[in-house]
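The values are calculated or read from the model by the stated rules, or taken from the named source; none is laboratory data. This structure is a prediction, so every number in the text was calculated from the model and none was measured. Ideal geometry is used to build each Cβ from the backbone, glycine not excepted, and the neighbour counts take in all protein chains shown. Each accessible area value is taken on the protein alone, full model and side chains, heavy atoms only, with ligands, DNA and RNA left out. Shrake-Rupley method; radii C 1.70, N 1.55, O 1.52, S 1.80 Å.
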Amino acid sequence: MARLGNYMLRDGKVFNPESLEVNAVQHCNLSCRTCSHLSPALAKSEIAPAALFDDLSALACSYTAKNVKILGGEPLLHSNLVGLIEAVRASGVTETVTVCTNGKALPKTTESFWRAVDAVLVSEYPGHELTLEQYEHINDMSATHAVDTRVYRYERFRESYSEIGADDPALVARIFETCKMAHDWQCHTVENGYFYLCPQASFIPKLIPSPLQSNGIRISADEGFAQQLRDYLERDTPLAACGNCLGSAGKLMSHQQMRRSIWRNAQQKPTEELIDWSFLETLTADIHVPDGCTLPVRDSEPLAARVALLRATT
């Protein structure tokens with residue numbers, strides 16, 4: 001398999017060994033203080049399976065991924081999540097589909113959901129844990145349908161963006177260069193016909209407008225798109241959204257829920273006041289260091305292990 005900078009080429013196509021991301025909905029049933037997808041500030045909306053199929057089918061002519069993650073917002077709020085999973089699979093862009101959820105609605109999912117999905121990642125937050133009985137039910141469904149279900153425990157978040165932004169181009173460049181979403185985790189994102197290097201490139205312009213073309217590229221099945229995609233992935237200059245994004249270097253804080261009506265207030269500060277300068281230096285030396293948000297760091301816990309722990313402590 002040939003290489004293209006940080007990426008691999010498989011059968012002439014860019015291959016992402018991590019995950020391509022799709023945001024099923026913008027809205028969420030929680031309002032986390034530093035949600036990197038900005039859900040508390042965005043209107044309720046969802047993506048149509050047919051439109052997603054068209055985008056991913058065109059993209060699959062030039063790009064494939066080890067996995068597609070369906071996120072949000074909270075993806076389980078989508079009115080036809082099974083149809084969305086089937087659209088991803090039918091597009092040919094991947095063979096594995098994962099749903100990432102806060103788990104609140106997971107106990108109510110149907111058999112058809114468990115038959116359709118390959119893996120489920122649950123982000124567990126303090127004060128919003130499921131009960132032992134709920135986890136036992138989910139574990140049974142996972143085992144019955146051979147779904148790899150894992151739990152990530154989040155007790156801390158990092159500041160995600162600044163409404164005011166940064167005036168220093170050198171700082172914006174450092175934030176871009178040390179962004180784990182773009183350059184380590186390779187969280188490429190597809191939304192409304194565009195391909196983005198990271199999810200923030202699609203979400204931040206919804207609050208702080210900038211031209212789509214300055215953040216992502218229009219997906220096409222045309223022959224020339226393959227080279228356009230490679231050039232975009234290998235760019236060494238920040239996107240327009242990077243001027244307001246904190247990348248992976250935002251200040252670390254305890255997880256909090258905040259009222260949607262005041263959610264944006266905390267971000268009315270310049271980038272310089274929201275950056276963790278020490279961690280920015282750490283990332284500059286080694287972008288692969290853990291970000292300090294998940295417990296255990298950079299690892300997930302199989303759901304069966306979480307059920308066993310809960311049984312032992314209740």
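Scanning the range 239-271 for residues that are open to solvent by less than 80 Å² (accessible area, probe 1.4 Å), touching a Leu at 6+ places or on another chain (Cβ under 7 Å) and either under 25 Å from ALA173 (Cβ atoms) or acidic (Asp, Glu) (or both) gives LEU239, LEU246, SER248, ALA249, GLY250, THR271.
Go through the residues of the range 172-182 one by one and say whether even a single one is of a type in the set (A, V, I, L, M), buried (at least 16 other Cβ atoms within 10 Å of the Cβ), touching an Asp or Glu at 6+ places or on another chain (Cβ under 8 Å) and at pLDDT 95 or above. Explain how you work it out, then say what you get.
Of the range 172-182, the ones of a type in the set (A, V, I, L, M) are 172-173, 175, 181-182.
The next check asks that each one be buried (at least 16 other Cβ atoms within 10 Å of the Cβ); those that pass are 172, 175, 181-182.
When the remaining residues are screened for being touching an Asp or Glu at 6+ places or on another chain (Cβ under 8 Å), the result is none.
Scanning the range 172-182 turns up no residue that is of a type in the set (A, V, I, L, M), buried (at least 16 other Cβ atoms within 10 Å of the Cβ), touching an Asp or Glu at 6+ places or on another chain (Cβ under 8 Å) and at pLDDT 95 or above.
Only one of the numbered conditions (1) out of contact with any Leu (no Cβ under 7 Å at 6 or more places or on another chain); (2) at pLDDT 95 or above; (3) within 25 Å of ASP55 (Cβ to Cβ); (4) in a helix (DSSP H, G or I) is violated by GLN213, and that is (2).
Looking only at residues of the range 149-171 that are open to solvent by 30 Å² or more (accessible area, probe 1.4 Å) and at pLDDT below 95, we find that the one that is nearest to LEU233 (Cα to Cα) is ASP167.
Evaluate the range 185-196: report whether one residue or more is surrounded by fewer than 20 Cβ atoms within 10 Å (Cβ to Cβ), among the polar types (S, T, N, Q) and closer than 29 Å to LEU106 by Cα.
Residues of the range 185-196 surrounded by fewer than 20 Cβ atoms within 10 Å (Cβ to Cβ): 185, 192-194.
Then keep just the ones that are among the polar types (S, T, N, Q); that gives 192.
Within this subset, residues satisfying the condition of being closer than 29 Å to LEU106 by Cα are 192.
Within the range 185-196, one or more residues are surrounded by fewer than 20 Cβ atoms within 10 Å (Cβ to Cβ), among the polar types (S, T, N, Q) and closer than 29 Å to LEU106 by Cα.
For LEU121, indicate whether it is closer than 27 Å to ASP54 by Cβ, open to solvent by 10 Å² or more (accessible area, probe 1.4 Å) and either outside any helix (DSSP H, G or I) or β-branched (Val, Ile, Thr) (or both). Yes: the conditions hold for LEU121.
Here is a yes/no grid of residues against (1) within 25 Å of GLU46 (Cα to Cα); (2) within 17 Å of the chain's Cα centre (by Cα); (3) free of Cβ contacts under 8 Å to residues at least 12 places away in the same chain:
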| position | (1), (2), (3) |
| --- | --- |
| TYR154 | no, yes, no |
| SER162 | no, no, no |
| GLY165 | no, no, no |
| ALA170 | no, no, yes |
| GLN213 | yes, no, yes |
| GLU223 | no, no, yes |
| GLN228 | no, no, yes |
| GLU234 | no, no, no |
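Within the range 77-105, the set of residues being surrounded by 22 or more Cβ atoms within 10 Å (Cβ to Cβ) and in a helix (DSSP H, G or I) comprises LEU81, LEU84, ILE85, ALA87, VAL88.
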